[in-house]
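The structure appears below as C-alpha cells.
The values are calculated or read from the model by the stated rules, or taken from the named source; none is laboratory data. Fair warning: this is a prediction, and the values are worked out from it, not measured in the lab. Using ideal geometry, Cβ is built from the backbone for each residue, glycine included, and neighbour counts are taken over all protein chains shown.
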Amino acid sequence: MGIHQKGATIDIASVKSHAKLEGDILTKKQARDAELERIIKGEDDRILLVIGPCSSDNEAAVLEYAHRLAKLQEKVKDKVFMVMRVYTAKPRTNGDGYKGLMHQPDTSKLPDLINGIQAVRELHYKVITQTGLTTADEMLYPSNLRMVDDLVSYHAIGARSVEDQEHRFVASGIDAPTGMKNPTSGNLSVMFNAIHAAQNKQNFLFGNAEVDTDGNPLAHVILRGATNEHGENEPNYYYDNLLKAIATYDKLGLKNPFIMVDTNHDNSGKQFLEQIRIVRQTLINRDWNEQIKRTVRGFMIESYLEDGRQNAPEVFGQSITDPCLGWDKTEALVTEIYETLN
C-alpha cells in the first residue's frame, strides 16, 4: 500500500493526560459550557460570537489576542457571549498550503503531527486557564475528536466536510454545540440533512469499534455563503435567505432552531472589512422580523491582532490564511453589536 506509518501509534489516554483541566478551572469551563447550551436552546437570549483568528498559527499572538478578548467579554457579558476561535486544523481545497497547528506546530519547520497534537492541546489549555474564555475548533478529522473533546466547547463542521457521513455521525455523539456549514455549492438541503443526521441516534464504526450515539440536539446551522459554477460569490445572509432557512427548520421539525451567520468566507468574498457591514445588515434584519430575531442569534467573525493577511508569518498577529479584522476594528464591532442590541 501507499500509506506508510511514521513513528509510534498515538495513545489517546496519554495524549489527554497532557494539559488536562482540573479543579476550579474545570468548574468554570463547565459553567460557561452550560451558558452556551442555554443560548443554543433559546433559554438565554444573548448573542453568540464565535470569534478569533482564521488559523491559530502562533501561540504568543493567539494568547495576546485571547487576553484582549477576555477583557472585552467582561465588558459585554450581559448581552454578548463569546467563544474564541482556536482553529488548529485547516482544510485545503487542493491539499496545498498551511494545514494548521496540528500539522505544523512550528511554521518554520516540517510537519510534525505527534508534537502538533500536543501543541493543540496546550494552546486550548492556555487560552482557557489564562483567560477564562472557552474555545471553538473545526472538526476537520473526526478521528482526532477524542484527543480534544475535553477542552473544546464548540465544534464546527466545515463546508467541505458537511456532506461526509463520518462527520455527520460523529457529530451525533458530541456533547457540545456543533455548527454545520452549508457546502460551498450553497445547497441548504445538504446542510439540513447533516443536521438531521447529527441530531439523531446513529450506529457506526469509530476508533476500531462499533459505537452507538445519543444524538446531538445542539447541532445547528452556519450560513457561510456559496460559490457558483463561474467562481462567483453568492452570499446567503440576506433577509430572504434567513427566512428560507428558518422555514426549513420548521418544516423538518429539527430541535433548537439556531442560525449563525458566518461573516467571512463566501458571504464576504474574503473581503474582511465586509464582515462589519454583514453584521450590521443582519442586526437590522433581526430588528425588522421577530422570526429572524428568535432564530438568528450568532455570528462567526474572523479577527486577529492585525488587519488582513500575509503569505509568510512575518507580522506578529496577522493571519497566514484568510484575511481577518484587526483588533481595533474587532473591538469597535463587538462594542457596536453590544450597543445595538435591545
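In the list S172, S189, which residue meets the criterion of being more than 22 Å from G52 (Cα to Cα), among the hydroxyl-bearing types (S, T, Y) and crowded, with 20+ Cβ neighbours inside 10 Å? Write out each step before concluding.
Working: S189 fails: crowded, with 20+ Cβ neighbours inside 10 Å.
Testing whether each residue is more than 22 Å from G52 (Cα to Cα), among the hydroxyl-bearing types (S, T, Y) and crowded, with 20+ Cβ neighbours inside 10 Å leaves just S172.
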* For the range 19-41, indicate whether the set of residues that are surrounded by 15 or more Cβ atoms within 10 Å (Cβ to Cβ), in contact with a Phe, Trp or Tyr (Cβ under 7 Å, 6 or more places away or on another chain) and at pLDDT below 95 is non-empty. => yes
* Going by the conditions given, is D150 of a type in the set (D, E), part of a loop (DSSP other than H, G, I, E, B), closer than 30 Å to K77 by Cα and in contact (Cβ under 8 Å) with a residue 60 or more places away in the chain? -> yes
* Structure fact -> Among helices (runs of 4 or more DSSP H) entirely within the range 12-85, at least 2 residues that are free of Cβ contacts under 8 Å to residues at least 24 places away in the same chain and polar (S, T, N, Q) occur in 23-41
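Residues D164, D112: which one is at pLDDT below 90 and more than 22 Å from Y65 (Cβ to Cβ)?
On the way: D164 fails: at pLDDT below 90.
On inspection, the qualifying residue turns out to be D112.
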* Asked: Does G179 qualify as being surrounded by fewer than 21 Cβ atoms within 10 Å (Cβ to Cβ) and of a type outside the set (D, E)?
  -> no
* **Qualifying positions in the range 192-205 - surrounded by 19 or more Cβ atoms within 10 Å (Cβ to Cβ), in contact with a helix residue (DSSP H, G or I) (Cβ under 7 Å, 6 or more places away or on another chain) and not small (G, A, S)** => F192, Q202
* **Lone unmet requirement of (1) within 20 Å of D57 (Cβ to Cβ); (2) in a helix (DSSP H, G or I) for E331** => (1)
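Output the residue which, of all residues in the range 115-140 that are β-branched (V, I, T) and in a helix (DSSP H, G or I), is modelled with the lowest pLDDT.
Residues of the range 115-140 that are β-branched (V, I, T), as a first pass: 117, 120, 127-129, 131, 134-135.
From what's left, in a helix (DSSP H, G or I): 117, 120, 127-129, 131.
Numbers: I117: 81, V120: 90, V127: 98, I128: 98, T129: 98, T131: 98.
Ranking the qualifying residues of the range 115-140, first place goes to I117.
Output yes when any residue across the range 296-308 is within 18 Å of the chain's Cα centre (by Cα), of a type in the set (D, E), within 20 Å of E234 (Cβ to Cβ) and modelled with pLDDT under 95, and no when none is.
First pass over the range 296-308, keeping only residues within 18 Å of the chain's Cα centre (by Cα): 296-304.
With the extra rule that they be of a type in the set (D, E), the set shrinks to 302.
Filter again for within 20 Å of E234 (Cβ to Cβ), leaving 302.
Narrowing further to those that are modelled with pLDDT under 95: none.
No, the range 296-308 contains no residue that is within 18 Å of the chain's Cα centre (by Cα), of a type in the set (D, E), within 20 Å of E234 (Cβ to Cβ) and modelled with pLDDT under 95.
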